[in-house]
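Visitor: Supplied in structure tokens, the structure appears directly below.
The values are calculated or read from the model by the stated rules, or taken from the named source; none is laboratory data. From a predicted model like this one, the values you see are computed outputs, not experimental measurements. In this analysis, Cβ positions are derived from the backbone assuming ideal geometry, glycine residues included, and neighbour counts consider all displayed protein chains.
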Amino acid sequence: MAEQVASARRRRSPLPEPALLEERARIARDLHDHVIQRLFAIGLSIQRTANELPDPASRRLRAAIDDIDETIAQIRTTIYRLNAPIPVAETSLRARIDQLVDDLEPVLGVRPDLEINDAVDLGVSGELADDCVAVLREALSNVARHAAATAVAVRVCVTPDELRIEVTDDGRGIGGATRRSGLANLRDRARCRDGELTVTTRDPSGTRLCWTVPPPQADAHGGEPG
């Protein structure tokens with residue numbers, strides 16, 4: 001659709017190459033910021049409804065969700081074909097997490113393996129984003145101070161049921177009261193949002209910290225994230 005619009009506009013009013021590239025970039029941004037965002041919010045709303053219904057109605061709704069996911073994938077392919085990079089705002093949660101990882105890498109002694117799903121870009125902002133950054137800062141600082149880890153992984157994802165931040169390492173484990181006391185603030189942040197914090201020991205060594213809260217409310221109501 002985007003390629004056809006761009007082609008039609010070029011036929012009506014030929015553009016110099018820089019202007020054409022700018023127009024293609026604008027179309028790509030509109031598809032990413034509005035169309036995909038809206039489809040994702042609709043998909044989350046349908047997912048919640050499907051979870052509350054018995055079969056076979058639930059199966060039909062889940063099939064519709066699969067169709068929406070496929071449509072989103074097709075739109076992403078179109079965006080890539082437009083060959084226009086979609087900049088990530090400096091204030092986005094993804095960019096803030098990237099910067100935090102950069103800042104803490106020297107004290108960690110290792111570059112964390114970072115995975116952030118697309119839904120984070122579409123739905124997490126404001127005070128919730130601030131909480132996410134604070135949680136990751138405390139979790140990674142704990143690893144740097146106490147774990148002596150040689151590998152660290154960070155996963156941040158939004159699903160229809162939760163927002164999850166997971167930090168794992170292969171270090172010495174949870175340790176004593178000093179490290180445990182540093183987790184109190186993370187537990188309080190989770191409770192304030194009706195979520196929870198779990199910290200477990202990994203086999204054969206290391207720690208897994210998981211901070212989960214309900215997903216952003218904007219997504220739950222099918223609206224655009226703030």
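Visitor: For the range 126-148, check the following and say yes or no: at least one residue is within 14 Å of LEU209 (Cβ to Cβ), surrounded by fewer than 21 Cβ atoms within 10 Å (Cβ to Cβ) and at pLDDT below 85. Explain how you work it out, then say what you get.
Guide: Step one: list which residues in the range 126-148 are within 14 Å of LEU209 (Cβ to Cβ), which gives 132, 134-147.
Still in the running and surrounded by fewer than 21 Cβ atoms within 10 Å (Cβ to Cβ): 134, 137-138, 141, 144-146.
Now narrow it down to the ones that are at pLDDT below 85: 145-146.
Yes, there is a match, as at least one residue in the range 126-148 is within 14 Å of LEU209 (Cβ to Cβ), surrounded by fewer than 21 Cβ atoms within 10 Å (Cβ to Cβ) and at pLDDT below 85.
Visitor: Where in the range 1-85 are the helices (runs of 4 or more DSSP H), entirely inside, with at least 3 residues that are modelled with pLDDT of 70 or more, at negative phi and surrounded by 14 or more Cβ atoms within 10 Å (Cβ to Cβ)? First the steps, then the outcome.
Guide: Values: elements: 2-12, 17-30, 37-52, 57-81.
Correct list: 17-30, 37-52, 57-81.
Visitor: Please work out which one of (1) surrounded by 12 or more Cβ atoms within 10 Å (Cβ to Cβ); (2) of a type outside the set (Asp, Glu); (3) modelled with pLDDT of 70 or more; (4) touching a Leu at 6+ places or on another chain (Cβ under 9 Å) is the condition ASN117 fails and give its number.
Guide: Failed condition: (4).
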